[in-house]
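The values are calculated or read from the model by the stated rules, or taken from the named source; none is laboratory data. Note that the structure is a prediction, hence the values are computed from the model and not measured. Cβ placement follows ideal geometry from the backbone for every residue including glycine, while neighbour counts extend to all protein chains displayed. SASA here: full protein model, heavy atoms, side chains in, ligands and nucleic acids out. Shrake-Rupley method; radii C 1.70, N 1.55, O 1.52, S 1.80 Å.
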Amino acid sequence: REHIELNRGQISDYLSGKRVLVTGGAGSIGLELCRQIMKVGPERLILFERVENEIYNVEMEFSETFHDEPYTLVLGDVLDTGRLEHVMQEHNPQVVFHAAAYKHVPITEANPFEAVKNNVLGTLNVAEISAKHGVEKFVLISTDKAVKPANVMGMTKRIAELICQGMNGG
């Protein structure tokens with residue numbers, strides 16, 4: 001793939017001093033996002049994750065690495081709209097990175113209904129509730145497999161992209 005150079009200064013300037021929520025924050029992609037966000041000085045990072053053991057692992061890491069930085073670890077599922085509503089009301093994030101998703105092709109092929117439920121309905125839930133609560137910026141973490149979907153995972157992520165584009169007027 002073509003190498004993309006990020007404008008780290010611009011990203012840092014934008015996220016610095018903001019309340020940032022990351023769904024799937026303890027997953028492989030979400031956790032790395034959280035680590036990078038913590039380095040730019042957010043007002044608060046809200047790490048939203050459904051796997052309790054993974055949140056515990058993040059707590060062990062962050063309590064050492066970012067012990068003086070403002071972060072909150074929240075146990076919750078993107079399929080639970082009541083929990084999402086509560087978190088939005090309590091923390092009022094300005095930026096949401098939606099990284100929660102099933103990403104492993106063999107698993108999603110074997111469990112297509114769960115993949116659709118999590119990747120499509122979960123995205124719809126987070127996007128709608130973010131819009132309802134006036135989130136300034138919503139960022140969907142997608143995949144190159146969504147460009148020309150050849151499997152369940154790619155198709156669910158493509159649908160998630162279309163949901164976000166549709167909500168954005170595109």
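A compact table of results
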read-out: Tally, over segment 17-40, of residues that are open to solvent by 10 Å² or more (accessible area, probe 1.4 Å) and farther than 23 Å from His104 by Cα; value: 6
read-out: Boolean, Leu45 is crowded, with 21+ Cβ neighbours inside 10 Å, part of a helix (DSSP H, G or I) and either of a type outside the set (Ser, Thr, Tyr) or at pLDDT 95 or above (or both); value: no
read-out: Cβ-Cβ under 7 Å pairs, at least 6 apart or on other chains, segment 28-40 side under 16 Å from Ser63 (Cα atoms), far side surrounded by 15 or more Cβ atoms within 10 Å (Cβ to Cβ) and small (Gly, Ala, Ser); value: Leu31/Gly25; Cys34/Gly25
